[in-house]
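Written below as structure tokens is the structure these notes are about.
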Amino acid sequence: MPAQIDVAAPTARIGISPIADLAFCLFVVEKRSAGRGKWTQPWLAAITAEAPDLLSRIEQFWHDEGYYEWIELSLIADAAGTLFDESEDIDWTALTAAAAGEVPIGELRTEGAGVRRVLERRLSQLRDDSKRRGEYFTLLRDFWRFLLPFYEHSGRPAALKLAAEMREHVASGRDLESMLPANHLAMLDKYVPMVEEAEREGRLVLVALGLSGVGSGLLDVPGAMWLSYSPETRMAPEHQREVATRIATQLKVLSDPTRVTILLQLVHGPRSITDLARVEGLSQPTVSVHVKLLREAGLLETQGARGRKLYFAPPEKVRALLEGIRDEFQASADDSC
């Protein structure tokens, strides 16, 4: 039986955090640069079209293969006491001063040992190299300046509305689990005890995101257990159902061994219905049904030869189908971060 979060009417602090939104947007850029996920936020489309140099600067600042998050920003903000400030006027002076000193990492139980090593290396660079530190915060200020119109227009209002809904939920006496999206990381068995402990200790902070799309987060910084999600995250299960239906439809055409055998024949060269029926030992009407389904899936093309209709399967079309299914799985996994 899956673990359940035993937190009734949580006393957690609830609010918004521009820094949390900024950190998530940095993560989205990193995932985009790695070709992972199908992020579609308006700000991402705009920066891709209007500020490719800024996008490139973000992509090239850190070089940690396979690691996309900028958790060091959250740790710096936590050390500066500004992580959960709600003003869109981010206190860059406080952040820069905090980065120049020792930034506590804490247990960081929500992350792995490899992540800790990455963060230690990053924080060390920012502490010991004033030039690097200056470049870091110049980059973040430039990025936030670009994001700000999107944040003011839609991100902040969406986050404030969600935060109000969170408070209303708590005021009604309902438990924490019923508030969270079903696919939130906090619902996983390994994290449930951490969330319950943070709530008992008064360290649980619920953050409403506004620019993250379907993003959500769970981060155990020294000062708080940060549990965040966006309005879109609650719709993610419905979106995943749509993806699952699309994948199932694509797989259905390959679910019959006879149909796959016919497809293999047609990859090697053109065949008529008569040819296929003879090789497979089937009736022509049966083969015609299978060929029709393969054509509807966009896998076959036709050509004429001496009055006969011949069918063939271009290898690139079969490859496109298989790669499309793979990409659907990968994008669904990436977009659930």
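Readers should treat all values here as calculations from the given coordinates under stated rules, not as data from a laboratory. The model shown is predicted, which means the values in this text are computed figures rather than measured ones. Virtual Cβ from ideal backbone geometry, glycine too; neighbours counted across all protein chains shown.
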Only four residue types carry charge here, +1 at the Cβ of Lys and Arg and -1 at the Cβ of Asp and Glu. Report the dipole size of region 253-334 about the Cα centre in Debye, rounded to the nearest 20. 560
For Val267 and Glu120, FRET efficiency with R0 = 51 Å and r from the beta-carbon atoms, rounded to 0.05? 0.50
Is region 13-143 rounded, prolate or oblate when judged by the Cα gyration tensor, a ≥ b ≥ c being the square roots of its eigenvalues, rounded requiring a/c under 1.5 and prolate requiring a/b larger than b/c? rounded
If you average the sequence gap of Cα pairs under 8 Å that are 6 or more apart and divide by the length of region 282-324, what percent do you get for the contact order? 26
Counting other C-beta atoms within 10 Å, which of Lys131, Lys309 has the fewest, and how do the rest follow? Lys131, Lys309
At what distance in nm do the modelled label points of Glu65 and Lys309 sit from each other, each positioned 7 Å from its Cα along Cα→Cβ? 5.1
Taking mean projected area of the Cα convex hull in nm² straight from the coordinates, which label in (i) 22.3; (ii) 19.7; (iii) 16.3 is the correct one? (i)
Positive end of the dipole of region 253-334, charges at C-beta (+1 Lys, Arg; -1 Asp, Glu), about the Cα centre: which of Leu254, Leu294, Val279 has its Cα farthest in that direction? Val279
Counting only DSSP beta bridges fully inside the chain, the antiparallel percentage to nearest 5 is 55
Which value, in debye to the nearest 20, describes the size of the charge dipole of region 123-282 about its Cα centre when Lys and Arg Cβ atoms bear +1, Asp and Glu Cβ atoms bear -1, and nothing else is charged? 500
Under 24 Å from the Cα of Lys317, which lysines turn up, not counting those fewer than eight places away in the same chain? Lys38, Lys252, Lys292, Lys309
